[in-house]
Amino acid sequence: MSNQFIDIENYEGIRVIYLNRPDVRNALGMEMRMELLESLEEAEKDDEVKCIILSARGKAFSAGGDLKALHSLSAIEGRQRLQTSHKLVMKILDLEKPIIAAVNGAAAGAGFSLMLLCDFSIADENAFFVQSFVNVGLIPDFAAIHFLPLIIGHQKAKELMFLGDRLTAEEAYSLGLINKLSTGGNLQRDALALANRLVAKSPLSIGMTKKLMNQNINVQLKALLEMEAQAQGICFQSEDFKEGVDAFFSKREAEFQGK
């Protein structure tokens, strides 16, 4: 597979997949999403790969969706975009190999949601997290509405999703959003250390445990994803979204009207 927006490194039993659009802070355009899906499918089929690390090149993990690409979508196109992205969501959840998110910088919007899908998360001490959807008039997607309340509780999840406030890596760790806070520029070392521990365990046991845990908690997830696609498709058509995007690129406060 020829990758334009994904970079791959292999270690013994470990595949590291990097989001590789640092010039746009690894915004999750459709091409990147499809390349990431294909990379995960390849790792799934490769018996030599026992564990996957998902990280990113540059200073950001992912700034989330590509707002420039989203600005002109119709409601139907918006729904279809989300439905295509849900294939990636389900692959991360269904893949019977552990996936570690190594968050090297900003994880915003869908970038934050992508991290939530992984089995483990390690973040650099300078990373930060923000459910930024509300700041541009959208709803949280990539299944964040499902997973964020499961991890930190409904009240705190509502606070993050309704207000769009930034969390430091230390705050994210204290909330249980990440498993380990990496200091001293040692993110890759710490992620590989955890991956090596996982590689040494029974892959069948880990795979079956992941499958059963996800099956148990995600019974209603597919129905939620369809509702997410429909709701986001509507939001893409709103005046608030247009105002939010314009304010974002103009670096000013948005003035939302609820239209």
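The values are calculated or read from the model by the stated rules, or taken from the named source; none is laboratory data. Here the structure is a predicted model, which means the values were calculated and not measured. Note: ideal-geometry Cβ built from the backbone for every residue, glycine included; neighbour counts use all protein chains shown. When the accessible area is computed, the model is the full protein with side chains, heavy atoms only, and any ligands, DNA or RNA have been set aside. Shrake-Rupley method; radii C 1.70, N 1.55, O 1.52, S 1.80 Å.
Filtering K156, K201 for residues that are open to solvent by less than 70 Å² (accessible area, probe 1.4 Å) and either in a strand (DSSP E or B) or at pLDDT 95 or above (or both) leaves a single hit, K156. A single member of G65, G111 is in a loop (DSSP other than H, G, I, E, B), under 23 Å from N20 (Cβ atoms) and touching a residue at least 40 places away in the same chain (Cβ under 8 Å), and it is G65. For segment 234-251, the candidate set comprises residues that are in contact (Cβ under 8 Å) with a residue 12 or more places away in the chain and open to solvent by 30 Å² or more (accessible area, probe 1.4 Å); within that set, the residue that is farthest from H146 (Cα to Cα) is F249. Those residues that are open to solvent by 10 Å² or more (accessible area, probe 1.4 Å) and either among the aliphatic types (A, V, I, L, M) or in contact (Cβ under 8 Å) with a residue 60 or more places away in the chain (or both), I need them from segment 41-53; list them, please. Result: K50, single match.
For N135, the requirement of being assigned to a loop (DSSP other than H, G, I, E, B) and of a type in the set (S, T, N, Q) is not met. Here A193, A231 are screened, and the one residue that is modelled with pLDDT of 95 or more, open to solvent by less than 70 Å² (accessible area, probe 1.4 Å) and either among the small types (G, A, S) or not in a helix (DSSP H, G or I) (or both) is A193. Within segment 159-186, being part of a loop (DSSP other than H, G, I, E, B) and polar (S, T, N, Q) holds for N179, T183, N186. Within the option set E9, E35, E42, being of a type outside the set (A, V, I, L, M, F, W, C) and within 17 Å of H86 (Cα to Cα) holds for one residue only, E35. Before we move on, is I151 assigned to a helix (DSSP H, G or I) and under 20 Å from F241 (Cα atoms)? For I151, the condition - assigned to a helix (DSSP H, G or I) and under 20 Å from F241 (Cα atoms) - is not met. Taking segment 57-66 as the range and being open to solvent by 10 Å² or more (accessible area, probe 1.4 Å) and among the aliphatic types (A, V, I, L, M) as the test, only A63 passes.
If you filter segment 179-205 down to residues that are in contact (Cβ under 8 Å) with a residue 12 or more places away in the chain and polar (S, T, N, Q), you find that the one that is farthest from L117 (Cα to Cα) is T183.
Table: residues versus (1) over 21 Å from the mean Cα position of the chain (by Cα); (2) assigned to a loop (DSSP other than H, G, I, E, B); (3) surrounded by 13 or more Cβ atoms within 10 Å (Cβ to Cβ).
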| position | (1), (2), (3) |
| --- | --- |
| R197 | yes, no, no |
| T209 | yes, no, yes |
| Q215 | no, no, no |
| Q257 | yes, yes, no |
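So which residues in segment 23-53 are within 18 Å of P203 (Cβ to Cβ) and not β-branched (V, I, T)? Those that are within 18 Å of P203 (Cβ to Cβ) and not β-branched (V, I, T): L40, E41, E42, A43, E44, K45, D46, D47, E48, K50, C51.
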